[in-house]
1. Would you confirm, using the coordinates I've provided, whether residue 149 is more than 16 Å from ligand 2 (Cβ to nearest atom), within 18 Å of residue 197 (Cα to Cα) and without any contact (Cβ under 8 Å) to a residue 40 or more places away in the chain?
2. Any chance you could count how many residues in region 98-131 are farther than 20 Å from residue 168 by Cβ and in contact (Cβ under 8 Å) with a residue 60 or more places away in the chain?
3. Out of the residues in region 210-225 that are in contact (Cβ under 8 Å) with a residue 40 or more places away in the chain and either touching a helix residue (DSSP H, G or I) at 6+ places or on another chain (Cβ under 6 Å) or within 26 Å of residue 124 (Cα to Cα) (or both), state the one that is nearest to ligand 1 (Cβ to nearest atom).
4. For region 32-41, state whether one or more residues are exposed (fewer than 15 other Cβ atoms within 10 Å of the Cβ) and more than 14 Å from ligand 2 (Cβ to nearest atom).
5. Return yes when residue 117 is assigned to a strand (DSSP E or B) and more than 15 Å from ligand 2 (Cβ to nearest atom) and no when it is not.
6. From the set of residues in region 42-58 that are within 16 Å of ligand 2 (Cβ to nearest atom) and assigned to a loop (DSSP other than H, G, I, E, B), which is surrounded by the fewest Cβ atoms within 10 Å (Cβ to Cβ)?
7. Considering only region 59-69, how many residues are assigned to a loop (DSSP other than H, G, I, E, B) and either in contact (Cβ under 8 Å) with a residue 40 or more places away in the chain or more than 14 Å from ligand 2 (Cβ to nearest atom) (or both)?
8. Residues of region 17-28 being surrounded by fewer than 19 Cβ atoms within 10 Å (Cβ to Cβ) and part of a loop (DSSP other than H, G, I, E, B), which ones?
Ligand code: DX5
Ligand code: ZN
């Protein structure tokens, strides 16, 4: 699959979300929406009401990343509201198979996220239940953190697991993805790139997306996964 860019509105202006989403509508593939509950992560952002409002104003599909304690309770509602991708965290879900199936049943792509220290190997048998694996490349909770190179071998292993099973699972990296790090991620096998600070912190977000995409495409072509 060609690399996709999913800018995170965590680094956008929360008082002007609709405008900031519109700015990237012709150049990005998704809008990454970080839902944080101040329990699973030490930060609080937004929830379902804001996502419902944003859905009315976004031409791009929403990629909702739920960093919340009870995703089994909430995730299906994001899909029912119209989010096209809903990712739950493996560390938080008590019934991940049921919840992933509920997300799919509601018409969205089902994502499974893992923190930097969570091994991905234990989830091999769940790959058929997911449309995307999200590998955190920073500890979740805040934008603008430094990329954790230590996660790269796991990206590679995850790509090998997906390839070995011949499944159409997308592999997303999230955290510290920038012009300095995106090539390493693509070489390791990632194909969906979340970027908050690297897009919304740039003078020209559209140009930033274009450059990130070009770098990812070149590195992907070389890697030949
Ligand atoms: C962090 C969030 C990320 C964050 C990435 O917990 O999941 O999506 O917005 O921001 P950057 O790209 O600035 O590291
Ligand atoms: Zn995220």
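What follows draws every value from the coordinates through simple rules; no lab data is involved. Here the structure is a predicted model, which is why all the values come from computation and not from measurement. As a convention, Cβ positions derive from the backbone with ideal geometry for all residues, glycine included, and neighbour counts pool all protein chains shown.
1. On the way: more than 16 Å from ligand 2 (Cβ to nearest atom): yes; within 18 Å of residue 197 (Cα to Cα): yes; without any contact (Cβ under 8 Å) to a residue 40 or more places away in the chain: yes.
The answer is yes for residue 149.
2. 0
3. Initial filter on region 210-225 (in contact (Cβ under 8 Å) with a residue 40 or more places away in the chain): 210, 212-213, 216-217, 220, 225.
Narrowing further to those that are either touching a helix residue (DSSP H, G or I) at 6+ places or on another chain (Cβ under 6 Å) or within 26 Å of residue 124 (Cα to Cα) (or both): 212, 216, 220, 225.
Values: 212: 10, 216: 14, 220: 19, 225: 23 Å.
That would be 212.
4. Checking region 32-41: at least one residue is exposed (fewer than 15 other Cβ atoms within 10 Å of the Cβ) and more than 14 Å from ligand 2 (Cβ to nearest atom).
5. no
6. Of everything passing the filter in region 42-58, 42 is surrounded by the fewest Cβ atoms within 10 Å (Cβ to Cβ).
7. Counting residues in region 59-69 that are assigned to a loop (DSSP other than H, G, I, E, B) and either in contact (Cβ under 8 Å) with a residue 40 or more places away in the chain or more than 14 Å from ligand 2 (Cβ to nearest atom) (or both) gives 4.
8. Scanning region 17-28 gives 25, 26, 27.
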